Amino acid sequence: MVTKSALFKVFLGSFFIQSAWSFEKMQGLGFAAAISPAIKELWQGEKRKEALKRHLAFYNAHPYMASPVLGAAIRLEERAREGTAAADAAVSFKKKIMGPYGAIGDSFFWGSVRPLASCFGILAALLWGFWGPIVFLAVYNSFHLWMRWQGLRKGYALGEGVVNYIREWELPRWSRRFHLIAMALLGACSAALSWNALRLLAPGTEGRYFAAGMLGATLLVIAFATFLSLFFKKGMTVSRLVYIIVVPLIVFGAVY
Amino acid sequence: MLTEALRDSLVISIAGGVLSVDRTAALQVMVSRPIVAAPVIGYLLGNAAAGLIVGVTLELLLIGDLPVGRYIPVHETGLSVLVTGITVTALGAMEGARGVLTDALLVLPLALVASIPVSRFHQKADEFTRRLNSRFFKEALAGIEAGGEGVMKANLKGTAAFFAVNTAAFFATALPVLLVSRALFPRVQAAALMLPAFGGCVLIGISAALYAVYSEKGLLIFSASGLASAFILVWLALLW
């Protein structure tokens with residue numbers, strides 16, 4: 001059995017899994033470095049060298065999804081030492097799982113959790129200033145750190161069975177839900193931006209004029225943002241759109 | 001002017017280098033994102049509020065820029081360092097500033113347009129580091145063969161490489177950019193009519209974010225939530 005201290009070192013090492021990211025081996029070195037405290041406890045001499053070299057192989061998945069893979073790989077190395085699994089069982093498992101876990105992690109963490117946390121952070125910044133970055137970090141890292149720790153723990157406890165365990169989390173379904181929440185937050189951001197714009201451009205407005213201005217401005221933001229998002233569907237990038245729209249507006253502002 | 005620009009460039013390059021390690025090499029707790037990095041850079045330059053405005057705008061613009069597979073996205077930390085650097089330097093250099101919020105809005109579009117092409121250099125620097133990292137793999141392999149414990153050390157050298165290359169790249173771009181800003185902005189009074197350009201940045205940002213999480217069902221939620229929030233804000237305003 002691997003000690004709790006070694007498992008904790010693996011957990012810390014998982015934060016550095018992309019330290020030496022290269023085009024050839026991607027996270028290969030990072031994975032070997034992260035799992036090395038457990039390998040040192042499990043193998044000695046030539047067998048340790050072989051085990052470390054095994055884990056130096058090409059590896060690339062989402063960095064947070066490395067935790068369940070690390071946990072399962074340690075369990076499989078333990079079984080290999082006991083003689084109940086092949087020596088390369090952990091490597092075969094990594095090869096099999098890295099593709100799907102790369103895709104799931106990219107879509108869940110980069111494509112859903114981060115936009116959701118960003119929307120929370122932006123809305124908080126628009127309403128309460130410097131609370132924005134704090135809210136962003138708190139929302140994002142509650143998911144991130146939970147996945148790192150729970151993934152490693154369950155991976156070690158369940159071995160290859162961690163695949164079914166993570167499947168039960170239904171991450172794609174949660175991604176869709178997070179997208180909807182993010183869109184609702186973006187709607188709220190549009191209203192908060194209109195509020196700030198109105199206070200800046202027409203500071204003295206009150207009563208029904210303010211109400212009409214606020215609703216009109218929010219409707220305009222919603223309509224323009226929806227219209228502009230169509231450009232991204234056609235393959236437009238943010239940088240290009242900035243040059244197409246913002247540069248003429250700067251020129252207009254400077255010349256007028 | 002040169003001494004101040006040198007000092008500011010050095011400070012924001014080192015801070016940017018530390019923050020940008022979070023992008024790929026270590027932790028990935030997202031302190032490298034614009035909404036965090038820009039206020040930090042703004043604070044170091046003496047204007048955290050302007051940094052927050054830059055951070056919120058850039059965060060909106062870059063929500064959908066994802067590091068998927070071999071694609072290396074826009075260097076958001078580099079862009080945050082440059083745009084915040086220009087904005088804060090310009091505000092300091094301009095005479096008769098009317099208040100942080102308004103003027104940061106006026107300078108930001110210019111800073112953004114100037115920084116986007118320069119930040120490509122940071123992307124190239126990132127690619128360079130990733131090529132450089134291959135040597136640490138060979139070092140780790142040699143260490144294992146020799147019976148040493150060099151895997152972790154070789155891996156951490158990658159983090160050091162990301163920090164060193166990013167810091168150098170930030171300094172190489174920040175110094176000329178800050179010098180030009182200091183020289184140029186006392187002669188330029190950002191006109192109030194620059195506000196539509198800022199509005200354009202924000203609208204592009206919301207649309208980019210919308211596209212990143214787009215679904216047809218969500219579009220209805222986006223519109224309904226926007227109008228409901230507007231009603232709530234109006235109600236609160238009338239109440240007070």
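The values are calculated or read from the model by the stated rules, or taken from the named source; none is laboratory data. Source: prediction; values computed, not measured. Neighbour counts run over all protein chains shown; Cβ positions are idealised from the backbone, glycine included.
Considering the stretch A:224-243, and only residues there that are modelled with pLDDT of 85 or more and more than 9 Å from chain B (Cβ to nearest Cβ), the residue that is nearest to the chain's Cα centre (by Cα) turns out to be A:Met236. Using the structure shown, decide if A:Arg148 is surrounded by fewer than 21 Cβ atoms within 10 Å (Cβ to Cβ) and either more than 14 Å from chain B (Cβ to nearest Cβ) or part of a helix (DSSP H, G or I) (or both). So A:Arg148 does not fit the description; no.
Within the stretch A:15-28, being touching a residue at least 24 places away in the same chain (Cβ under 8 Å) and out of contact with any Leu (no Cβ under 6 Å at 6 or more places or on another chain) holds for A:Ile17, A:Gln18, A:Glu24, A:Lys25, A:Met26, A:Gln27.
The rows are residues; the columns are (1) modelled with pLDDT of 90 or more; (2) closer than 30 Å to B:Phe128 by Cβ; (3) part of a loop (DSSP other than H, G, I, E, B); (4) among the hydroxyl-bearing types (Ser, Thr, Tyr).
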| position | (1), (2), (3), (4) |
| --- | --- |
| B:Ala172 | yes, yes, no, no |
| B:Gln189 | no, no, yes, no |
| B:Tyr214 | no, no, yes, yes |
| B:Ile221 | yes, no, no, no |
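Residue selection: B:Ile144 fails the criterion of being assigned to a helix (DSSP H, G or I) and either over 30 Å from A:Ile17 (Cβ atoms) or at pLDDT 90 or above (or both). Could you grab me the full set of residues in the stretch A:212-250 that are small (Gly, Ala, Ser) and part of a helix (DSSP H, G or I)? Listed by number, the residues that qualify are A:Ala212, A:Gly213, A:Gly216, A:Ala217, A:Ala223, A:Ala225, A:Ser229, A:Ser239.
Within the stretch A:201-211, at least one residue is under 15 Å from B:Phe198 (Cβ atoms), in a helix (DSSP H, G or I), more than 7 Å from chain B (Cβ to nearest Cβ) and over 35 Å from the mean Cα position of the chain (by Cα). Filter the stretch A:29-76 down to residues that are in contact (Cβ under 8 Å) with a residue 40 or more places away in the chain and not in a helix (DSSP H, G or I) and give me whichever is nearest to the chain's Cα centre (by Cα). Applying the filter and picking the extreme gives A:His62. Considering the stretch B:64-84, and only residues there that are at pLDDT 80 or above and over 10 Å from the mean Cα position of the chain (by Cα), the residue that is surrounded by the most Cβ atoms within 10 Å (Cβ to Cβ) turns out to be B:Gly64.
For the stretch A:127-143, the set of residues classified as facing chain B (nearest Cβ under 7 Å) and either assigned to a helix (DSSP H, G or I) or within 12 Å of the chain's Cα centre (by Cα) (or both) consists of A:Gly132, A:Pro133, A:Phe136, A:Leu137, A:Tyr140, A:Asn141, listed by residue number.
Looking only at residues of the stretch A:12-27 that are outside any strand (DSSP E or B) and more than 7 Å from chain B (Cβ to nearest Cβ), we find that the one that is surrounded by the most Cβ atoms within 10 Å (Cβ to Cβ) is A:Ile17. Scanning the stretch B:168-183 for residues that are surrounded by fewer than 16 Cβ atoms within 10 Å (Cβ to Cβ) and not hydrophobic (A, V, I, L, M, F, W, C) returns a single hit, B:Pro176.
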